[in-house]
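Q: This is the structure I want to talk about, given as structure tokens.
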Amino acid sequence: MASSPVGGYDPQHFEKLFALEAASFWFRGRSDLINWALDRNFPAAKSFLELGCGTGYVISRIREVHPDWRLVGTELFEEGLAKARIRMPSGVELRQQDATQSPYDSEFDVVGAFDVIEHVEDAPAVLAGMYKALKPGGGLLVTVPQHKWLWSEADVAAHHVKRYTKRELTDELRAAGFEVSRVASFVSLLLPAMMVSRLLKKDAGNVEEELDMAAPLNKACYGVMRLESALVRAGLNFPAGGSLLAVARRPD
């Protein structure tokens, strides 16, 4: 039975995402960057909580590198958790939970939310819960879509509430009590091609179709994402990009 969109997301997307994520240049490239940021900024971490884990792709990639960590993934929709359990039948705690109602208190070294808060009307409540879930001195990683001028039918189809500017994301994190160390753009080198693709598509809201591309093109796009990631790691801050990655800490 089809589910209706609730909480800023349509759970029907999970089936398609589960089939696409492991091979898609976008999901692979983003997870590469998240894993780098996690190890680069929080090398002493031993526990990680992901809010809005979806089908579990990101946290499964973290598990590959850190199988000894305590890993917890929460998701509002059972449809996503069902796929996450297939992907990770053991080794990760998975629970159904509203991202605005976190029960954790000073339990985790790092908390992450990847393309989640832009779906939520009350994003400050999500950030407040993430702050509370962190141990003092713990770290935060967040990704969101960037630039209001990039708003399109793809955002409507994805049930986004907003696209962020660097200033807006920084301000929201600081208002929640975090100390922000870096906010970096990514999906920058591919941004012109993605904009042209959406202009030419008849069904601009079909995001899965955009990611389900021929293998040679997907491989080429992943190569561009890897180059871009190397530049971000080297300290380059792109002035524009389809997404933002924020690194922050809860003060000691």
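Q: Between ALA193 and ILE86, how high is the FRET efficiency from 1/(1 + (r/R0)^6) when r is the Cβ-Cβ distance and R₀ = 25 Å? Nearest 0.05.
A: Details: r = 32 Å, r/R0 = 1.30.
Efficiency computed from Cβ-Cβ geometry: 0.15.
Q: Next question, about the same structure. So what is Rg over Rh here for segment 37-115, counting just Cα atoms and using Kirkwood for Rh?
A: Numbers: Rg = 11.8 Å, Rh = 12.6 Å.
So for segment 37-115, dividing Rg by the Kirkwood Rh gives 0.94.
Q: Right, another one. In a shell of Cβ-Cβ distance under 11 Å around LEU76, excluding LEU76 itself, what net charge do Lys and Arg (+1) and Asp and Glu (-1) give?
A: Working: positive: ARG95; negative: GLU75, GLU78, GLU79, ASP98.
Around LEU76, the charge tally is -3.
Q: State the answer as a single residue: which of PHE114, SER31, ALA99 lies farthest towards the positive end of the charge dipole of segment 1-125, with beta carbon charges of +1 for Lys and Arg and -1 for Asp and Glu, about the Cα centre.
A: Of PHE114, SER31, ALA99, it is SER31.
Q: For a test of the definition: using alpha carbon positions, the gyration tensor, and the 1.5 limit on a/c, classify segment 123-201 as rounded, prolate or oblate.
A: In terms of gyration-tensor shape, prolate.
Q: Lysine pairs, Cα distance under 26 Å, 8 or more residues apart or cross-chain: how many in the chain?
A: 20
Q: Rounded to the nearest 5, what is the percent of antiparallel bridges among the DSSP beta bridges in the chain?
A: Details: 15 of 35 bridges.
For the chain, the DSSP antiparallel bridge percentage is about 45.
Q: Now for a different question. State the Cα centre-to-centre distance between segment 47-120 and segment 216-252 in whole Å.
A: Taking the Cα centre of each part, segment 47-120 and segment 216-252 sit 22 Å apart.
Q: For a test of the definition: using alpha carbon positions, the gyration tensor, and the 1.5 limit on a/c, classify segment 68-208 as rounded, prolate or oblate.
A: Working: a/c = 2.04, a/b = 1.36, b/c = 1.50.
Oblate, since a/c reaches 1.5 and b/c is not below a/b.
Q: What does the net charge come to around ASP105 if you take all other residues with beta carbon closer than 13 Å to its beta carbon, with K and R at +1 and D and E at -1?
A: Taking every Cβ under 13 Å from that of ASP105, the sum is +2.
Q: Counting helices only, and only those DSSP H runs with n ≥ 4, report the 222 nm mean residue ellipticity of the chain as the sum of -39,500 (n - 2.57) divided by its residues, in deg cm²/dmol to the nearest 500.
A: -12500 deg cm²/dmol
Q: Next up: Accessible area per residue of segment 93-252 at 1.4 Å probe, in Å²?
A: 47
The values are calculated or read from the model by the stated rules, or taken from the named source; none is laboratory data. Note that the structure is a prediction, hence the values are computed from the model and not measured. Every residue, glycine among them, receives a Cβ derived from its backbone with ideal geometry; neighbour counts consider all protein chains shown. Surface accessibility is based on the protein's heavy atoms, side chains included, excluding ligands, DNA and RNA. Shrake-Rupley method; radii C 1.70, N 1.55, O 1.52, S 1.80 Å.
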